[in-house]
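Take a look at the structure set out below.
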Amino acid sequence: MYRSPNTLWFRMPTEKCDSCPPNCCDMRGMLSFMILWLLSKKSMYGQELAKEIGKRKGTKPNPGTIYPALKELKNRGLIESNKKGRMTTYQITEEGRKGFQIADEYFFRAFGEIFQDHNLIKTSRKLGCLES
């Protein structure tokens, strides 16, 4: 894992899986964005976040990746935690919601057209207008 002051990067998976990103596309740096997105929907504990991220990325981040990211987000005031017994639940703060909204708008501006094209191609294939 490489860590710079403002981002958390995690290694590309070495195992082959259908839902893993291809080697041509580096998917590092999205962990904080994904955590804030998930927490904007509901409060979650660390392993629950890792499981949900794993469903989307194809590989589940390990504790050495997810917990430092949560600590960094907490230190920046974007999330907070509540500990009950051995379970720690994380929730997004108002500052985190504002930050996520700005990041979400940026993400859509940067990548929205790609997803629109992808959905158009997917729909065309379903309708038989394009070959797979």
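Our estimate of slack between Ile102 and Lys84, defined as 0.36 nm per intervening residue step minus the Cα-Cα distance, is 3.3 nm.
Stretched out straight at 0.36 nm per residue, the stretch from Phe115 to Lys41 would grow longer than its current Cα-Cα span by 24.5 nm.
Spatial offset of the stretch 27-56 relative to the stretch 57-115 amounts to 6 Å, using the alpha carbon center of each.
Laboratory data are not the source of any read-out in this text; all were calculated from the coordinates shown. Not measured: the values here are computed from a predicted model.
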